[in-house]
Amino acid sequence: MWWNRRYIREAVSMDLNGTYRLDLPDVGMLGSLLLRIEGTCVSDASLTTEKWRMIDYLSDLQVILNGSHPCKDLTGYQAQALNWFDQGVMPDTKWNQYAAAVQKEYILVNFGRHLMDSEMGLDLSMFDNVQLRLTNTMTSTYYADSLTISLLGYFKQEGGGFPQGYIKSEQFKSWSATADTWEYTDLPTEGKLRRLILQLEPDLGATYHEYETSMDNMGADIKITFDSGATVVYEGGIDDLMREINLLMGTDCMVRGIVYRTQNYAQRNGLGRVFAVAPGPLEIAADTVQDSTLTFDSDYDRGTWAFANAQGTTDQFAIGWGTCPHACLLIPFVKGDDPADWLDLAARKTMKVDIHAYNTSGATGGADAIVLERQVF
């Protein structure tokens with residue numbers, strides 16, 4: 001058995017503010033797709049805006065089987081967060097907003113548990129049609145007239161099919177949070193549950209776009225139960241669970257970007273909670289390090305950061321270490337990744353997930369979602 005890497009498309013045009021659709025090959029044992037989206041920024045267009053990276057505009061990523069059955073149905077944030085949970089590292093994106101910089105966004109779409117999973121993936125010959133759909137909301141105000149997209153496929157060779165089926169990843173539910181309010185959810189009763197992921201993103205400030213509260217407050221209390229509420233799996237806040245996942249992963253989540261921003265205007269940094277940051281000066285044109293007194297605003301740990309001082313026309317390089325990529329919290333029920341150990345939802349009758357936001361104004365308007373990953377044959 002071996003893996004063949006093959007470009008399904010390379011650097012083809014993708015329209016701004018539209019949905020890119022591509023029918024995947026009719027045959028092949030497809031394990032993963034590596035997506036690369038490239039675009040050129042309009043100079044100085046995002047100095048004070050809420051969005052500054054292409055991932056901020058990727059609203060929907062779908063892989064549809066036979067015209068109507070979603071195998072993947074996620075936001076760009078959620079799809080990229082799965083990369084850290086699957087691979088232990090965030091994709092090597094190019095988050096650069098300096099002048100008319102070229103940005104690159106990478107998303108790895110795994111149909112199995114990880115890249116080159118020999119037991120799980122999509123046998124394309126089993127379906128009449130498999131279509132990728134990627135929707136973006138970018139406009140020419142912020143990006144040049146067109147984008148390009150490349151898709152690198154990973155195909156299993158000479159090893160038979162995928163005996164464990166494939167993984168269906170979907171945003172099962174989304175809602176706008178309200179402070180001091182419970183949201184009650186009954187999960188579906190079909191399939192085996194690999195992962196439960198809670199995306200709990202605070203509201204952004206109207207002027208400076210900072211997170212108005214912490215991710216911890218968005219999940220101040222959660223209750224997860226099996227057997228129609230009879231068996232309590234977890235009851236409490238998410239603050240310790242946010243640290244637990246790094247212990248299970250064996251690493252912190254790291255993000256970085258080249259930032260050119262008006263003083264005090266915050267921006268998402270790709271983390272739900274920041275543990276440490278390392279700012280530094282960088283001048284791309286001269287390829288030299290400049291003197292700097294760059295500092296962050298005091299609430300940098302919340303998942304948005306802003307520079308408390310300006311540095312003229314010099315672009316700044318920033319690295320952050322933390323947890324919960326794109327405010328996504330993974331709640332595993334077993335440490336290993338053997339499908340035999342995943343939760344049988346039918347046997348558990350009704351699994352319930354109840355989430356309570358803290359009584360603070362910053363929680364109202366937050367973007368919450370439940371993402372499920374299930375085994376499908």
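The values are calculated or read from the model by the stated rules, or taken from the named source; none is laboratory data. Everything quoted here is computed from the prediction, not taken from an experiment. When we count neighbours, we look across all protein chains shown, and the Cβ atoms used for this are built from the backbone with ideal geometry, even at glycine.
Does LEU33 count as in contact (Cβ under 8 Å) with a residue 24 or more places away in the chain and over 27 Å from TYR98 (Cα atoms)? In short, yes. The residue that is surrounded by the most Cβ atoms within 10 Å (Cβ to Cβ), counting only those in region 181-194 that are among the acidic types (Asp, Glu) and part of a strand (DSSP E or B), is GLU183. Among the residues of region 61-112, those that are in contact with a Gly (Cβ under 8 Å, 6 or more places away or on another chain) and either aliphatic (A, V, I, L, M) or under 12 Å from LYS168 (Cα atoms) (or both) comprise LEU61, MET90, VAL102, ILE107, ASN110, PHE111, GLY112.
Quick check, is TYR184 assigned by TED's automatic domain parsing to the domain that holds SER118, modelled with pLDDT of 95 or more and not small (Gly, Ala, Ser)? So TYR184 does not fit the description; no. Within region 96-143, if we keep just the residues that are at pLDDT below 95 and either of a type outside the set (A, V, I, L, M, F, W, C) or within 28 Å of ARG195 (Cβ to Cβ) (or both), the residue that is farthest from the chain's Cα centre (by Cα) turns out to be TYR98. Against the list (1) assigned by TED's automatic domain parsing to the domain that holds TYR57; (2) within 30 Å of ARG348 (Cβ to Cβ); (3) surrounded by fewer than 13 Cβ atoms within 10 Å (Cβ to Cβ), the condition GLN157 fails is (2). Only one entry of THR135, THR213, THR141 meets the criterion of being assigned by TED's automatic domain parsing to the domain that holds ILE8, within 21 Å of GLN267 (Cβ to Cβ) and β-branched (Val, Ile, Thr), and that entry is THR141. Residues in region 345-377 that are among the β-branched types (Val, Ile, Thr) and within 17 Å of the chain's Cα centre (by Cα): ILE370, VAL371.
Looking across region 236-279, just one residue is over 27 Å from VAL42 (Cα atoms), polar (S, T, N, Q) and either buried (at least 17 other Cβ atoms within 10 Å of the Cβ) or in contact with a helix residue (DSSP H, G or I) (Cβ under 7 Å, 6 or more places away or on another chain) (or both), and that is ASN246.
The set of residues from region 171-180 being hydrophobic (A, V, I, L, M, F, W, C), part of a strand (DSSP E or B) and in contact with an Asp or Glu (Cβ under 7 Å, 6 or more places away or on another chain) comprises just one member, TRP175. For region 58-83, the candidate set comprises residues that are in contact with a helix residue (DSSP H, G or I) (Cβ under 8 Å, 6 or more places away or on another chain) and not in a strand (DSSP E or B); within that set, the residue that is farthest from ARG243 (Cα to Cα) is GLY76.
Filtering region 115-156 to residues that are among the acidic types (Asp, Glu) and under 23 Å from LYS104 (Cα atoms) leaves only ASP145. Scan region 160-170 for residues that are buried (at least 20 other Cβ atoms within 10 Å of the Cβ) and either assigned to a strand (DSSP E or B) or among the aromatic types (Phe, Trp, Tyr) (or both) and the total you get is 5. Within region 220-268, if we keep just the residues that are without any contact (Cβ under 8 Å) to a residue 60 or more places away in the chain and of a type in the set (Asp, Glu), the residue that is nearest to PHE307 (Cα to Cα) turns out to be ASP239.
No other residue among ILE245, ILE197 is within 22 Å of ARG374 (Cβ to Cβ), outside the structural domain of LEU61 (by TED's automatic domain parsing), part of a strand (DSSP E or B) and β-branched (Val, Ile, Thr) apart from ILE197. Within region 84-119, the residues that satisfy the criterion of being within 22 Å of MET242 (Cβ to Cβ) and either in contact (Cβ under 8 Å) with a residue 60 or more places away in the chain or surrounded by fewer than 17 Cβ atoms within 10 Å (Cβ to Cβ) (or both) are TRP84, PHE85, GLN87, GLY88, VAL89, MET90.
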